[in-house]
Amino acid sequence: MVKAITTLSDRIAQAERAVVRLIALALPLMILANVAGRAMRSPIYWMDELSILFMVWLAMLGMSLTLKTRDAVAVTMLVDAVPPWLMKAMKVLIDLLVLVFGIALLVLCYHWFDPLTLMRLGFDMREFSGQTFNFMYQDTTATLGVAKFWFWLVVPLAAATTSVHALSNLLLTLTTPAAERLPSGLPAALSGDSGANP
């Protein structure tokens, strides 16, 4: 089971890394195109909004990937100063907290999107808004004219991937002897190094 979850987490991380790279490449090109448009007195308004929405996707997927690789900014003075058994206990606690965060965010997204009520109402978004006072499915972007919920889908997606990564990291922490250093969340082929954090 540990191997299956770790493999699933690794595959998700590969996909996240590819999407993050694509967005990171697209963002400056979109901004440059819009700057050129403004210089020629013909701004591309929808590109501003799309850039902002892409930045949100970049942040959410980047968060999930960072939690997978355990590369988030951290102050480790206390963790590094304690005996190995206590260090392992602290890392288990950290992994548990990240897992609880991912699951809590997933539950909140479920309540926010409320898919069962939407299905029960036959995907009638006007009726859904009237009964729940939740207008997320009717709210559209200002310049693109696209329903915002398509862009907001990154939140439950990141919550799900964060939960898988946190579970994988937790199982890895539990199965690694206390005296050994924990490997990075990514396999060496993905991380570009030997797999161990410095």
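The values are calculated or read from the model by the stated rules, or taken from the named source; none is laboratory data. This one's a predicted model, so the numbers in the text were calculated from it and none came from an experiment. Using ideal geometry, Cβ is built from the backbone for each residue, glycine included, and neighbour counts are taken over all protein chains shown. Please note that ligands, DNA and RNA were not included when accessible areas were found on the heavy atoms of the full protein model with its side chains. Shrake-Rupley method; radii C 1.70, N 1.55, O 1.52, S 1.80 Å.
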Hull surface divided by four, with the convex hull built on the Cα atoms of the chain: how many nm²?
14.7
Average accessible surface area per residue within the stretch 1-91, 1.4 Å rolling probe, Å²
65
Apply the Karplus curve 6.51 cos²θ - 1.76 cosθ + 1.60, θ = phi - 60°, to the phi angles in the stretch 53-68 and return the couplings in whole Hz, x for Gly and Pro.
5, 5, 5, 5, 4, 4, 5, 5, 5, x, 4, 4, 5, 5, 5, 5
Gained length - Leu144 relative to Val100, 0.36 nm times residue gap less alpha-carbon distance
12.3 nm
Ranked from the most accessible area to the least, with a 1.4 Å probe and all protein chains present, what is the order of Glu49, Glu16?
Glu49, Glu16
Report, by chain and number, residues whose modeled amide H sits under 5 Å from the one on Thr140, excluding near sequence neighbours (fewer than 5 apart, same chain).
Lys148
Summarise the accessible area of the chain (1.4 Å probe, protein heavy atoms) by the percent that is carbon and sulfur.
72
Using a Cα distance threshold of under 21 Å, what count of lysine pairs results for the chain when pairs must be 8 or more residues apart or interchain?
5
Please compute the length gained on full extension between Thr175 and Ile52, using 0.36 nm multiplied by the number of residues separating them and subtracting their Cα-Cα distance.
40.2 nm
With +1 on each Lys and Arg Cβ and -1 on each Asp and Glu Cβ, how big is the dipole of the stretch 1-102 about its Cα centre, in debye rounded to the nearest 20?
180
If you roll a 1.4 Å probe over the heavy atoms of the protein chains, what accessible area per residue do you get for the stretch 100-171, in Å²?
54
Expressed as a rounded percentage, what relative contact order does the chain have, with Cα pairs under 8 Å and six or more residues apart?
30
Distances longer than 20 Å among the Cα atoms of the stretch 64-168: what percent of all pairs is that?
55
How far apart, in nm, are two points set 7 Å out from the Cα along the Cα-to-Cβ line at Arg11 and at Thr132?
3.0
Whole-angstrom gap from the stretch 84-129 to the stretch 35-55, using each part's C-alpha centre:
33
State, to one decimal in nm, how far the label point of Val107 lies from the label point of Val75, with both points 7 Å from Cα in the Cβ direction.
3.0
Once you place label points 7 Å from the Cα toward the Cβ at Asp124 and Ile44, how far apart are they in nm?
4.0
